[in-house]
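Beneath this line is the structure, given in structure tokens, with notes to follow.
The values are calculated or read from the model by the stated rules, or taken from the named source; none is laboratory data. Not measured: the values here are computed from a predicted model. Heads up, the Cβs are rebuilt from the backbone with ideal geometry, glycines too, and the neighbour counts pull from every protein chain shown.
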């Protein structure tokens, strides 16, 4: 079976969706002829770190992959300016559509949600090439950005909503990571019998438990500190500035350090908040290479997976699966009633707190600070669950089974 895959980000981009999409592609390529049409690497890395220039020609990514990767040209402007991000999106969408139309006819199209309307391109290519669409609905836009207050209702959001509903109504299969998002997909027009829930995962060979005393923690003088860490994209849907205020409330803990590892649109605001409070206990460190992530995560005593209230219907902090794999406990500031919260409580690998409960988050940090043995046990349980239920060796194969269950005939 020939499969055409569409998503802007792909390995070696450090975006979680790009890594995840590459692993889905790898699982599909194990049994079928796969071509992934993606943008040139741009997320979290400088071009000279990527091993040279990328052109429109077919290239293989650094990680072993048996399929083909077609990197189409698109702009790589700063993601921190809305107009620049929009131009990056539009240039990739146009190039992906052209590539899809002139690629050898696929038997099925698989599209994710980077950028939010790439599913519409997948649907259009599928209709032109007489191929069904499998839609990986990992984030639901514009509902997520509207609920977070990042965008206001207007022409762009209405156009995005129309495109997303059209794709949901006509896709042969829709994959969501949580049951809550599955219910939202059905509300937005997806036929219930076409919606499948497949959780996110982590590569447990790459992210694994390491001792706190390691090269990363020694380099940044974190070995003897109690480290609360946020790792990943510093986005606008997480309310990260409130954790700077939390650091101010925890000034009585002499060994406390709040560490932000990563970059993103919210970073300048969070940095300014820390500077205004003159907090020496807050540090900002750059993205770490994928293969070194295990060391940066191991420097943490507790990790944080935050989200703004009300977003669990539209997206989830997928980093919880990375935290499980790292063998570190975490605080998930998410809607307590969502199914991801139930999973965390059932495993016993972290604590769930309502995103707006600042006092509750502070209380949990203090509890973790006072209970090192319990921290270790929670981390152990998380690692066991990651290996058994949320590993790259387990979950991506479900995408292969789903595609093959559609009864698509090879051309």
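From 131, 179, which residue is surrounded by 20 or more Cβ atoms within 10 Å (Cβ to Cβ), touching a strand residue (DSSP E or B) at 6+ places or on another chain (Cβ under 6 Å) and over 27 Å from residue 290 (Cα atoms)? Lay out the reasoning, then the answer.
Details: 179 fails: surrounded by 20 or more Cβ atoms within 10 Å (Cβ to Cβ).
After applying the criteria, what remains is 131.
When each of 218, 272, 208, 278 is tested for being over 25 Å from the mean Cα position of the chain (by Cα) and in a loop (DSSP other than H, G, I, E, B), the lone residue that passes is 278. Confirm whether residue 165 is surrounded by fewer than 19 Cβ atoms within 10 Å (Cβ to Cβ), touching a strand residue (DSSP E or B) at 6+ places or on another chain (Cβ under 8 Å), farther than 22 Å from residue 405 by Cβ and touching a residue at least 24 places away in the same chain (Cβ under 8 Å). The answer is no for residue 165. Among the residues of this structure, residue 291 does not count as one that is within 21 Å of residue 251 (Cβ to Cβ) and not assigned by TED's automatic domain parsing to the domain that holds residue 146.
Could you tell me whether residue 146 is over 27 Å from residue 321 (Cα atoms) and assigned to a helix (DSSP H, G or I)?
Here the answer is no, as residue 146 does not meet what is asked.
Take the conditions out of contact with any strand residue (DSSP E or B) (no Cβ under 7 Å at 6 or more places or on another chain) and under 27 Å from residue 1 (Cα atoms) and apply them to residue 110. Does it pass? Considered against the rule, which asks whether it is out of contact with any strand residue (DSSP E or B) (no Cβ under 7 Å at 6 or more places or on another chain) and under 27 Å from residue 1 (Cα atoms), residue 110 comes out as no.
Within segment 214-223, restricting attention to residues that are touching a helix residue (DSSP H, G or I) at 6+ places or on another chain (Cβ under 9 Å) and within 24 Å of residue 362 (Cα to Cα), the residue that is surrounded by the fewest Cβ atoms within 10 Å (Cβ to Cβ) is 223. Can you confirm whether segment 346-364 contains a residue that is surrounded by fewer than 17 Cβ atoms within 10 Å (Cβ to Cβ), assigned by TED's automatic domain parsing to the domain that holds residue 302, more than 21 Å from the chain's Cα centre (by Cα) and at positive phi? Checked segment 346-364: at least one residue is surrounded by fewer than 17 Cβ atoms within 10 Å (Cβ to Cβ), assigned by TED's automatic domain parsing to the domain that holds residue 302, more than 21 Å from the chain's Cα centre (by Cα) and at positive phi. Taken together, the residues in segment 281-315 that are closer than 25 Å to residue 354 by Cβ and under 17 Å from the mean Cα position of the chain (by Cα) amount to 12.
Does residue 300 meet the test of being in contact (Cβ under 8 Å) with a residue 60 or more places away in the chain, crowded, with 20+ Cβ neighbours inside 10 Å and in contact with a strand residue (DSSP E or B) (Cβ under 7 Å, 6 or more places away or on another chain)?
Yes, satisfied.
Looking only at residues in segment 60-91 that are at pLDDT below 85 and surrounded by 16 or more Cβ atoms within 10 Å (Cβ to Cβ), the one that is nearest to residue 116 (Cα to Cα) is 85.
Kindly indicate whether residue 290 is surrounded by fewer than 20 Cβ atoms within 10 Å (Cβ to Cβ) and closer than 26 Å to residue 176 by Cβ. Don't jump to the end; show me each part of the working.
Values: surrounded by fewer than 20 Cβ atoms within 10 Å (Cβ to Cβ): yes; closer than 26 Å to residue 176 by Cβ: yes.
Yes; evaluated as a whole, the condition is true for this residue.
Note on segment 226-241: residues that are touching a residue at least 60 places away in the same chain (Cβ under 8 Å), assigned to a loop (DSSP other than H, G, I, E, B) and at negative phi amount to 5.
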